[in-house]
């Protein structure tokens with residue numbers, strides 16, 4: 001049998017080995033902040049949603065159903081403003097540390113597009129890029145699709161032979177990401193207990209974006225069994241457990257507070273299985289379980305996306321009111337200092353080639369891979385497409 005070298009598309013020489021963790025220093029000369037993108041006016045909404053659902057043949061009349069969420073807020077998604085703030089915060093943190101790396105920001109689905117960001121970097125002579133995607137967990141839509149888009153951009157701009165793009169590891173269990181959730185849940189539970197709500201009558205719901213069950217089962221490397229829901233569900237469960245453990249240390253009464261992982265923002269056809277239970281359905285059933293107050297934690301989000309503003313701040317709060325229970329929604333990391341510092345830590349560990357054994361992580365699942373493994377996060381409907389920062393299947 002002839003063994004072949006692993007193929008890692010558009011990788012730096014250090015990452016092209018295909019090893020899970022790159023422990024060799026790399027002289028990156030630019031950071032690529034990769035976002036989802038969002039409309040910034042009523043006329044942008046349908047074109048944006050067409051971009052999001054490209055290739056799926058969804059008619060505009062169905063897109064208009066989702067468009068109403070954006071139209072409720074004037075057609076403006078908060079995500080672009082949040083990414084502008086995040087870019088500025090990362091730049092400020094880099095400056096404080098004396099790290100001379102420019103940050104280029106581009107989106108998958110709306111201006112400024114990733115094509116523009118990569119072309120701008122190349123025009124500035126920055127050709128060894130390290131990408132940070134604004135998504136912490138492993139799945140097709142939250143990791144591999146970003147990697148595929150980056151490969152597509154290199155091909156479309158004819159920069160594939162000039163620019164290399166590596167990507168920082170998924171940061172779901174990095175202390176900088178987790179700390180904001182810990183602080184939010186601790187504050188919410190403490191306040192409720194101080195106001196007389198029994199800790200046992202408080203329920204903490206950790207909410208994340210639902211995805212098709214088939215995609216969830218294929219999230220993460222294929223040679224590891226993460227159980228039902230794949231790496232995507234396992235990562236969220238592990239982080240939620242860490243958060244609640246930290247909360248109990250600060251609020252001992254919270255040992256009696258129950259919690260669970262719930263899902264939101266389902267968008268697929270009714271015949272297609274998606275991860276459950278839905279946050280609204282769970283809230284509706286809480287009074288029968290003796291719950292008087294619910295703490296809703298947007299664990300799957302780095303900032304207050306439209307899914308947070310609509311699905312949680314609007315629909316979930318309405319569900320709590322209908323159920324007659326109190327509800328508190330905790331903050332997302334946003335530009336929290338610890339979160340921003342943690343993102344820069346991820347850059348530094350790749351620049352310095354920090355050994356995996358020395359990388360901070362709060363769950364047994366971490367530290368996650370620098371170079372995604374073969375077959376990681378397959379989209380069962382579309383199959384595998386070229387993707388950067390991973391060993392080709």
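If you stretched the chain out fully between residue 111 and residue 260, how much longer would it get, using 0.36 nm times the residue separation minus the C-alpha to C-alpha distance? Could you put the intermediate results ahead of the total?
Working: separation 149, 0.36 × 149 = 53.64 nm, distance 3.64 nm.
Full extension of this stretch gives 50.0 nm more.
Multiplying the sequence separation of residue 309 and residue 162 by 0.36 nm and subtracting their Cα-Cα distance, what value in nm do you get?
That works out to 48.9 nm of additional length.
Give the distance, in whole Å, between the Cα centre of the stretch 1-72 and the Cα centre of the stretch 78-103.
If we compute the Cα centre of each part, the gap is 20 Å.
For the chain, set up a Gaussian network in which alpha carbons nearer than 10 Å are linked by springs, and say which option among 303, 135, 200 fluctuates the most.
The residue that fluctuates most here is 200.
Given the Cα atoms of the stretch 50-197, and with Rh set as the inverse mean 1/r over their pairs in the Kirkwood sense, what is Rg to Rh to two decimals?
In the stretch 50-197, Rg relative to Rh is 1.04.
Order by neighbour count: 202, 165, 132, fewest other Cβ atoms within 10 Å first, most last.
Numbers: 202 25, 165 29, 132 22.
Listing 202, 165, 132 from fewest to most nearby Cβ atoms yields 132, 202, 165.
Measure out, as a whole number of angstrom, how far apart the alpha-carbon centroids of the stretch 129-163 and the stretch 254-309 sit.
30 Å
For the stretch 175-329, calculate the relative contact order in percent as a whole number, restricting contacts to Cα pairs under 8 Å that are 6 or more residues apart.
33 percent
Please determine, in degrees from 0 to 90 and to the nearest 10, the orientation of helix 230-250 with respect to the longest principal axis defined by the Cα atoms of the chain, where the helix direction is its Cα long axis.
50 degrees
To check my understanding: the extent here is largest minus smallest coordinate of the Cα atoms along each principal axis. What are those three numbers for the stretch 32-98, in Å, largest first?
51, 26, 14
Report the extension gain between residue 29 and residue 99 in nm, rounded to one decimal, defined as 0.36 nm multiplied by the number of residues separating them, less their alpha carbon distance.
24.2 nm
Report, to the nearest 10°, how far helix 337-352 tilts away from the longest principal axis of the Cα atoms in the chain, using its own Cα long axis and a range of 0 to 90°.
That works out to roughly 30 degrees.
Run the paramagnetic zone check for residue 224: 7 angstrom along Cα to Cβ, then residues of the stretch 159-173 with backbone nitrogen under 14 Å.
Once the point is set 7 Å along Cα→Cβ of residue 224, 169-173 turn out to lie under 14 Å by backbone N, inside the stretch 159-173.
Given a 10 angstrom Cα cut-off, can you work out which residue in 126, 289, 203 is the most mobile in a GNM of the chain?
Looking only at 126, 289, 203, the biggest GNM fluctuation is shown by 289.
Along the Cα-to-Cβ line of residue 72, 7 Å from the Cα, sits a label point; which residues in the stretch 274-305 have backbone N less than 14 Å from it?
Counting only backbone N, you get 280, 305.
Run the numbers on the stretch 312-391 and let me know its relative contact order in percent, using alpha-carbon pairs under 8 Å that are six or more apart.
Once divided by the residue count of the stretch 312-391, the mean separation gives 16 percent.
If I build a Gaussian network model for the chain, linking alpha-carbon pairs within less than 10 angstrom, which residue out of 290, 366, 353 has the largest mean-square fluctuation?
Among 290, 366, 353, the largest mean-square fluctuation in the Gaussian network model of the chain belongs to 290.
Based on a Kirkwood Rh over C-alpha pairs, give the Stokes-Einstein translational diffusion coefficient of the stretch 167-210 at 37 °C and viscosity 0.692 mPa s in µm²/s.
Working: Rh = 12.5 Å.
Here the translational diffusion coefficient equals 263 µm²/s.
Would you please give the FRET efficiency between residue 43 and residue 124, computed as 1/(1 + (r/R0)^6) with r the Cβ-Cβ distance and R0 = 22 Å, to the nearest 0.05?
After rounding, the FRET efficiency stands at 0.10.
Could you give log10 I(q)/I(0) at q = 0.15, 0.20 Å⁻¹ for the stretch 175-329, computed by the Debye formula over C-alpha point scatterers of equal weight, without solvent?
Here the Debye-derived log intensity ratios amount to -0.79, -1.31.
Any idea what Rg and Dmax come out to for the chain if you just take the C-alpha atoms, in Å?
Considering the chain through its Cα atoms, Rg and Dmax are 20.8, 69 Å.
What percent do you get for the relative contact order of the chain when only Cα pairs under 8 Å and 6+ apart count?
Contact order relative to length: 27 percent.
A short reminder: the numbers here are calculations on the coordinates, not readings from a lab. Quick caveat, the model's predicted, so the values are computed rather than measured. Every residue, glycine as well, gets a Cβ built from its backbone with ideal geometry; the counts of neighbours run over all protein chains shown.
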